[in-house]
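As structure tokens, the structure follows; a few thoughts come after it.
The values are calculated or read from the model by the stated rules, or taken from the named source; none is laboratory data. All figures in this text were calculated on a predicted structure; none of them were measured in a lab. Glycine also receives a Cβ, built like all others from the backbone with ideal geometry; neighbour counts cover every protein chain displayed.
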Amino acid sequence: MNKPLLLAWVTSIIAMGGSLFFSEVMDFIPCTLCWYQRILMYPLVIFLGIAFYHQEKTIYKYILPISIIGMATSSYHYALQKIPSMHEFATCTSGVPCSGQYINWLGFITIPFLALIAFTIITISMLVLWKRK
């Protein structure tokens, strides 16, 4: 069994489930950057699931660019929330502001932070696959 591939797939499933829980159960309206992060995460569930089923060890070539862009997007979003001087660089112009924080567990855990952790776990898992090649 390919543990890094399984870890990446399970992480993507949890991330997708968490985002759906926040929007569908908790009724949190996603901001623009949240949508971008979803657009990057949701296909990973399918791609990584198929790769795990077929034990495809070269999937990192396709997943790494997506997960790295996801890390960058989540980092930017988290910075918008936590660094006041970043508010002037906000990309959200209508609807829910990207600097808003529906959750703020322990003073630093927000939804973009959770997405950043998920993208980071997936990226590290893909780098381990790459190294094993």
Filtering the range 75-92 for residues that are free of Cβ contacts under 8 Å to residues at least 40 places away in the same chain and under 21 Å from residue 23 (Cα atoms) leaves a count of 2
In the range 78-96, which residue that is hydrophobic (A, V, I, L, M, F, W, C) and either at positive phi or assigned to a loop (DSSP other than H, G, I, E, B) (or both) is modelled with the highest pLDDT?
-> 83
Meets criteria (part of a loop (DSSP other than H, G, I, E, B), more than 26 Å from residue 3 (Cβ to Cβ) and either β-branched (Val, Ile, Thr) or touching a His at 6+ places or on another chain (Cβ under 9 Å) (or both)) for residue 99 = yes
Across the range 102-133, the tally of residues that are surrounded by fewer than 19 Cβ atoms within 10 Å (Cβ to Cβ), aromatic (Phe, Trp, Tyr) and part of a helix (DSSP H, G or I) stands at 1
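Here is a yes/no grid of residues against (1) in contact (Cβ under 8 Å) with a residue 60 or more places away in the chain; (2) touching a Gly at 6+ places or on another chain (Cβ under 6 Å); (3) buried (at least 21 other Cβ atoms within 10 Å of the Cβ):
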| position | (1), (2), (3) |
| --- | --- |
| 6 | no, no, no |
| 9 | no, yes, yes |
| 13 | no, no, no |
| 18 | yes, no, no |
| 22 | yes, no, no |
| 28 | yes, no, no |
| 34 | yes, no, yes |
| 39 | no, no, no |
Some residue of the range 63-74 being of a type in the set (A, V, I, L, M, F, W, C) and free of Cβ contacts under 8 Å to residues at least 24 places away in the same chain = yes
Check off (1) under 20 Å from residue 128 (Cα atoms); (2) touching a residue at least 40 places away in the same chain (Cβ under 8 Å); (3) surrounded by 12 or more Cβ atoms within 10 Å (Cβ to Cβ) for residue 55 and give me the number that stays unchecked.
-> (3)
If residue 28 satisfies every condition in (1) in a helix (DSSP H, G or I); (2) within 17 Å of residue 98 (Cα to Cα); (3) over 14 Å from the mean Cα position of the chain (by Cα); (4) not β-branched (Val, Ile, Thr) but one, which is the exception?
-> (1)
